[in-house]
Amino acid sequence: MKYFFPLFVFFLASQNLMAQDFTRLQVPVEYNDQILTNAWAGGLNAPQWCKADLDNDGDEDLYCFDRVGHVHVAFRNDGSGGTDAYHFAPELTAHFPEGRNFGILRDYNTDGAPDLFVHAGDIGIAGMKVFKGFFVGNQLYFEQVLTPQWIFDVMVYSQSPGTYTNILVNLTDYPAIDDLDGDGDLDILAIGSTGSYVAYYENTAIEMGYTDDTMFFELRDQCWGKLYIAPFSEEFTLSNNSSQCALFTGHDPNDDRGGLHGGGTLATFDADNDGDKELLYGDLIYPKISYGFNGGTNENAWVTDQDPNFPSYNESVNIPYFPAAYILDFDNDGLKDMLVSPNDTKKTPDRETVWFYRNTQSNEAPHFELQQKDAIGNTMLDFGSGAQPAIADVNGDGLLDIVVGNYNYWTPDEPTVEPDVPGLYLLLNTGTATEPAFELADTDWLGFSIFKEEAFAFAPAFGDLDGDGDLDLLVGERYGSLIFAENTAGPGNPMNFAPLQTNWQNINVGQYATPFIFDMDEDGDPDLVIGERNGNINYLPNLGSATAPSFHPNPDEAPNNRLLGKISTQQPGYPTGYSAPVILPFENETYLLTGSEFGWMEAYLVDKDSLSGGSFQLVSEKFGNLRDGQETRMAFADLDGDDFLEMIMGNRRGGIGLWRSPFHVTGGLTVATHDPELSMQLQAWPNPTGSELFVSMPEDVSGTIEARIFDLQGRQLKQENHSGKLLRMDVSGLTPGVYFVQVIAGQRFGTLRFIKS
């Protein structure tokens, strides 16, 4: 059976892409003899968790908002129970609005559809926006809740009659949204501006006689729980008076010059079934979760006891950096469990991202016991931070494999071990030419981790740089130089590399070099196109030959061009862009696609006359309207023999996704967009073939016939003109592998696939 989602029809029009559709695909991936059920979900770095029914089927699905890339990720609950019930389902978040810093699902209006609370940082406000959810059939949509009483559409509270301001939520923080006073509507806890106190915003809509479709907030308590969050202390300062805030050397909560705000995360739950809520707090600079026991009431919270190493009765949380706790039923047994994961966007644990504590007792008296430290993450491909893919037949079996370079992979600190480990990862294709499947076969391919003291952020690219018919390896790295590995195996053989050459040809483009190998000037030898952190794209023409490449090392000096096509992936106000170019050549045009810092794919038409200056024509700044995170990197090839290029995209979260692209392998129109009467049925033999390929056409074909041969990555390798109804083509010069032959006779065309043995 095929493992792909249903095919959508795509149309690639001459000189203009009329459609930019990409369809998510799922193919099997195995690691350590286990199938990764969510392999292509894109990785996790700073995930935040909620449970909600996202498809209106009665089962609560698992929702994640990852702060790294500001991405909504959903896992459908198949209803089977346990933690294996979740399956990556990007269609569930297809209509989610853009969010920043956090995403929290709650049903504030109790209509059965989850509503979304996100940070308002995209409009420059330290606050929250809310989007009301509604179902159309089984698809969840959202509309923003407007705030007519204020100048911005963010959540506000009443300072005095007729005067409103935003509910303060700092961009680093994670607030608690819960019914804190037991009146049936949702209230908010958020850390104050100094980071030293927790502010309580009470929803007074019910008390004011409004329905639950309305939210009115008042700042009810500037010091909820009467506790003080002391800077550089792992413990709360508690008050001995239920009506007085814990003051620190006389400071007032409205004028707390002693606080030092870094960031904090909040979660609430009722630990003793008394109707008031206890607090779980995570701090930016400590790896622990602090628990505050509420000895007061739901109207007057008073934290009277604490556990700074929660849960100290089991294995305490220890997650650098910036842990956050989430209370939800993760294992689908009806009891609320606890998930804990990092909330920092800069440096987070990769191997132990999500700690799952199972509730082994009851919802009335929960007891959390650690079950695993890699929940959900152990079901997906996650290479750490950053994922930069390339595609090639590594083992010479005729099937395309995947190599992924990462920025680094966090490992626990040890006295003699550097914590960040970069490397290359090899996924071998263990499927067939039409039904690919992959195995993560090597987590340190070619031993690139040896460079961890001097380089990271590896970006691999394959190309025949020495003209011997096999693919060599060129790898960009963090500091802008290139690492070269010459493939000495010969055409069609499993790759075998000579010793790695660092600082190859002294080329250095700046930072985060992302190379691509392609003959841009069509002079028969390979050139270099290199992206970098600044967002520009460097063009280095080959000054040598097809067998002895030579490049001028300084991208600022002629004949090099530091601003190829005048492309820059920088966005206004940002000094970086993280370009990552890919060249796709087709029959009448060549496209340059590039990833970017904000995750959008930009597409341009290459103009060979503008290689040394001038602009490339922009096709789209948001090609395919596809975004899977930030700092995206792409690789294209036909993995399943359907004549369309598949795309693998990596992102800063450290994972990869798989799509069918709108690009036909030969660059022509798809059969579905042609008049069926114009398509030709072709036959070819022998197939596989060693030296000659015969192609026969229908009897009614006449005139000059044009034949082209393409590889799986869409590169045209041969073009010939023929006459008659039987074509004889010499393919002896092709390296062993899978190819396409396209035949054009007038307005008629046909394409078929063959194997060179």
Percent of Cα-Cα pairs more than 51 Å apart in the chain, please. 21 percent
If R₀ is 30 angstrom, what is the calculated FRET efficiency for the pair T434 and T547, using the beta carbon separation as r and rounding to 0.05? 0.25
Unit charges at the beta carbon, dipole of the range 392-546: most positive-side option, T502, T488, F438: T502
I need the Debye-formula profile for the range 48-122: one equal scatterer per C-alpha, no solvent, reported as log10 I(q)/I(0) at q = 0.12 1/Å, two decimals. -0.31
Return a whole-number percent for the relative contact order of the range 599-757, with Cα pairs under 8 Å and 6 or more residues apart as the contact set. 17 percent
What number comes out for the charge environment of L726, summing +1 per Lys or Arg and -1 per Asp or Glu over other residues with Cβ under 14 Å away? -1
Give me a comma-separated list of calculated 3J(HN,Hα) values for the range 177-189, in order, Karplus coefficients 6.51, -1.76, 1.60 applied at θ = phi - 60°, integers in Hz, x for any Gly or Pro. 10, 7, 7, 8, 9, x, 9, x, 10, 8, 10, 9, 10
Given Cβ charges of +1 for Lys and Arg and -1 for Asp and Glu, the option among T297, F117, G447 whose Cα lies farthest towards the positive end of the dipole of the chain is G447
Would you mind counting up the charge near T590? Only other residues with Cβ under 12 Å from its Cβ, with Lys and Arg at +1 and Asp and Glu at -1. -4
Distance (nanometres) between label positions extended 7 Å along Cα→Cβ at L726 and D122: 6.3 nm
Difference of contour (0.36 nm per residue) and Cα-Cα distance, D305 to D183: 41.4 nm
Please state the charge dipole magnitude for the chain, taken about the Cα centre, from unit charges on C-beta atoms (+1 on K and R, -1 on D and E), reported in debye and rounded to the nearest 20. 1740 debye
Charged-residue dipole, Cβ positions (Lys, Arg, Asp, Glu), the range 82-190 about Cα centre, Debye nearest 20: 380 debye
In whole Å, largest first, what are the principal axis extents of the Cα atoms in the range 113-265? 56, 33, 30
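Using R₀ = 41 Å, calculate the FRET efficiency as 1/(1 + (r/R₀)^6) where r is the Cβ-Cβ separation of T165 and A558; round to 0.05.
0.10
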Amide H contacts under 5 Å for A89, restricted to residues at least 5 apart in sequence or on another chain and with H modeled in the peptide plane, are A74, F75, R76
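Over the chain, what relative contact order in percent results from Cα pairs under 8 Å that are six or more residues apart?
Values: 2158 pairs, mean separation 72.5, N = 757.
Here the relative contact order equals 10 percent.
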Relative contact order for the range 165-251, counting Cα pairs under 8 Å that sit 6 or more residues apart, in percent: 18 percent
Taking amide H atoms as placed 1.01 Å from N in the peptide plane, list the residues 5 or more away in sequence, or in a different chain, whose amide H sits under 5 Å from that of D107. D115
A chain fully extended from Q371 to E218 at 0.36 nm per residue, minus the present Cα-Cα distance, gains in nm 51.1 nm
For the table K51/K346; K129/K277; K622/K756; K129/K226, the rows whose alpha-carbon distance is greater than 31 Å are K622/K756
What's the magnitude of the charge dipole for the range 509-628 around its Cα centre, counting Lys and Arg as +1 and Asp and Glu as -1 at the beta-carbon? Answer in Debye, nearest 20. 500 debye
Cα-based Rg then Dmax for the range 604-757, in Å, read 18.2, 55
Please work through the chain and write down the cysteines that have no neighbouring cysteine Cβ at a distance under 4.7 Å. C50, C64
If I model a spin label as a point 7 Å beyond the Cα along the Cα-Cβ vector, how far apart are those points for E364 and S620 in nm? 5.6 nm
Pop a pseudo-label 7 angstrom from the Cα along the beta-carbon direction at both D84 and S193 and give the gap in nm to one decimal. 5.3 nm
In the range 59-158, taking the dipole from +1 charges on Lys and Arg beta carbons and -1 charges on Asp and Glu beta carbons about the Cα centre, the listed residue (Y108, H95, T147) farthest towards the positive end is T147
As a test of understanding, state the convex hull volume per residue of the range 337-478 from its alpha carbons, in Å³. 148 Å³
Across every pair of different alpha-carbon atoms, what Kirkwood hydrodynamic radius in Å does the range 324-382 reach? 12.0 Å
How much FRET efficiency would the formula 1/(1 + (r/R0)^6) give for I755 and D57, where r is the Cβ-Cβ distance and R0 is 45 Å, rounded to 0.05? 0.50
What is the set of long-range amide H partners of A205 at a cut-off below 5 Å, with H atoms built 1.01 Å from backbone N? F216
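Taken together, the values in this text are just the output of simple stated rules run on the coordinates, not laboratory data. Here the structure is a predicted model, which is why all the values come from computation and not from measurement. All Cβ positions, even for glycine, are placed from backbone atoms using ideal geometry, and neighbour counts span all protein chains on display.
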